[in-house]
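Undergrad: Attaching a single structure in structure tokens format; questions to follow.
What follows is calculated from the coordinates using simple rules that are stated; it is not laboratory data. Bear in mind the structure is a predicted one, so any value in this text is a computation, not a measurement. FYI the Cβ positions are ideal-geometry reconstructions off the backbone, even for glycines, and counts take in every protein chain you see.
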Amino acid sequence: MRIDVLSIFPSYFDGLALSLLGKAQDAGILDLRVRDLREWTSDRHRTVDDTPYGGGAGMVMKPEPWGLALDEVTEGSERPTVIFPSPAGELFTQATARELSAREHLVFGCGRYEGIDERVFEYAATLGDVRLISLGDYVLNGGEVATMAMIEAIGRLIPGVVGNPESLVEESHEDGLLEYPSYTKPSVWREREVPAVLLSGNHGAIASWRREQQIERTRRRRPDLLPPEAGDHPHS
Ligand code: ADE
């Protein structure tokens, strides 16, 4: 998979050279290209922002550098997916990560300030499939941290990136539930014992216990993930 990132802070992405995604790049599974948006400015100050038409607080990212950058990184690409992280976008979930992990070419456009001139999104839609995606219901200072999170979630689903693919199915959100608790040696630590069933060698009993733990955890921490229970809403 090829991923282009456009940002005025390219060094944010240095961390993606570490660990599994770094290895995937060395192995040629992931072709990650981070570019400074200011490369596509031509004035002395390498300006990427300007005041908003209609007034208001803050600055807006100018369309010209974005247009030139998008032209260059999408050139020769069949139908890239162009993602703009935004708190006003659709919610990013494990299903989104899985869907995007099957694409050949992703482009992430990281906005800063009060956002990007709206015409950039319209123009990008002439070059590829445009998605505005939010990491959650809170506001970050720009798209960089959201892009890092998405690249990690998407990248680890590309075949060959995670060494043991079985570890991908035994985790939170893969089956709609939170993951079960894990333990390792020692079996007693600071007076806390590992649940006896995990030491029993009874694989059927272990599987049932883990399933119950998943359901109980999800009910407690994320009831929104579970189907409404019969009798939950007697008045509707
Ligand atoms: N940019 C600023 N806030 C964001 C969020 N919550 N998700 C994605 N991109 C953002």
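Undergrad: For the chain, modelled as a Gaussian network with Cα springs under 10 Å, which listed residue fluctuates most, ALA88, ALA207, ALA17?
TA: ALA207
Undergrad: Another question, if that's okay. Give the Rg (one decimal place) followed by the Dmax (whole number) of region 113-201, computed from C-alpha coordinates and expressed in Å.
TA: Values for region 113-201 (Cα only, Rg and Dmax): 20.9, 62 Å.
Undergrad: Taking a ≥ b ≥ c as the square roots of the Cα gyration tensor eigenvalues, with a/c under 1.5 meaning rounded and otherwise prolate when a/b beats b/c, else oblate, which class fits region 59-193? Could you put the intermediate results ahead of the total?
TA: Values: a/c = 3.12, a/b = 1.98, b/c = 1.58.
Judged from the Cα gyration tensor, region 59-193 comes out prolate (a/c at least 1.5, a/b above b/c).
Undergrad: Once you keep just the Cα pairs under 8 angstrom separated by 6 or more residues, what percentage relative contact order results for region 15-144? List each step's numbers first, then the result.
TA: Values: 174 pairs, mean separation 35.1, N = 130.
Relative contact order, region 15-144: 27 percent.
Undergrad: Let me ask something else. Roughly speaking, what is the centre-to-centre gap between region 193-231 and region 1-38 when only Cα atoms are used, to the nearest Å?
TA: Taking the Cα centre of region 1-38 as reference, the centre of region 193-231 is 38 Å away.
Undergrad: Let me ask you something else. Give me the three principal axis extents of region 155-215 from the C-alpha atoms, as integers in angstrom, largest value leading.
TA: Extents along the principal axes, in whole Å: 40, 23, 19.
Undergrad: Along the charge dipole of the chain, Cβ charges K/R +1 and D/E -1, which of VAL120, VAL188, LEU37 sits furthest on the positive end?
TA: Most positive-ward Cα: VAL188.
Undergrad: Could you size up the charge dipole of the chain around its Cα centre, putting +1 on the beta carbon of Lys and Arg and -1 on that of Asp and Glu, and report it in debye to the nearest 20? Write out the running numbers ahead of the final one.
TA: Working: 25 positive and 38 negative charges, 154 e Å.
Once rounded to the nearest 20, the dipole reads 740 debye.
Undergrad: Top mean-square fluctuation among SER200, SER11, SER134, Gaussian network model of the chain, C-alpha springs under 10 Å?
TA: SER200
Undergrad: Helix 203-221 versus the longest principal axis of the chain: what angle, 0 to 90°, nearest 10, using Cα atoms?
TA: 50 degrees
Undergrad: What spacing in nm lies between the two simple spin-label points modelled at ARG222 and PHE9, each 7 Å away from Cα in the Cβ direction?
TA: Reported label-point gap for ARG222 and PHE9 is 2.7 nm.
Undergrad: If you take the Cα Rg of the chain and divide it by 2.2 N^0.38 Å, with N the number of residues, what do you get?
TA: Working: Rg = 22.4 Å, N = 236, 2.2 N^0.38 = 17.5 Å.
Output field value: 1.27.
Undergrad: Picking from THR147, THR93, THR218, which is most flexible by a Gaussian network model of the chain using Cα springs under 10 Å?
TA: Top of the fluctuation ranking is THR218.
Undergrad: To the nearest 10 degrees, how steeply does helix 144-155 sit against the main Cα axis of the chain, on a 0 to 90 scale?
TA: Long axis of 144-155 versus the principal axis of the chain: about 50 degrees.
Undergrad: For n ≥ 4 DSSP H runs only, could you compute -39500 (n - 2.57) per run for the chain, divide by its residues and tell me the 222 nm figure to the nearest 500? Walk me through the intermediate numbers first.
TA: Numbers: 6 runs with 64 residues, N = 236.
Taking each H run of at least 4 residues, the total per residue is -8000 deg cm²/dmol.
Undergrad: Show me 107-116, 52-61 ranked by packing, highest mean number of other Cβ atoms within 10 Å first. Walk me through the numbers on the way to the answer.
TA: On the way: 107-116: 21.6, 52-61: 11.8.
My ranking of the peptides, most packed first, is 107-116, 52-61.
Undergrad: At a 10 Å Cβ-Cβ cut-off, how would you order ASP4, ASP224, ASP36, fewest neighbours first? Please list the in-between numbers first.
TA: Numbers: ASP4 22, ASP224 6, ASP36 18.
If I rank by nearby Cβ atoms, fewest first, I get ASP224, ASP36, ASP4.
Undergrad: Here is a follow-up. Considering only DSSP beta bridges where both residues belong to the chain, give the percentage that are antiparallel (nearest 5).
TA: 15 percent
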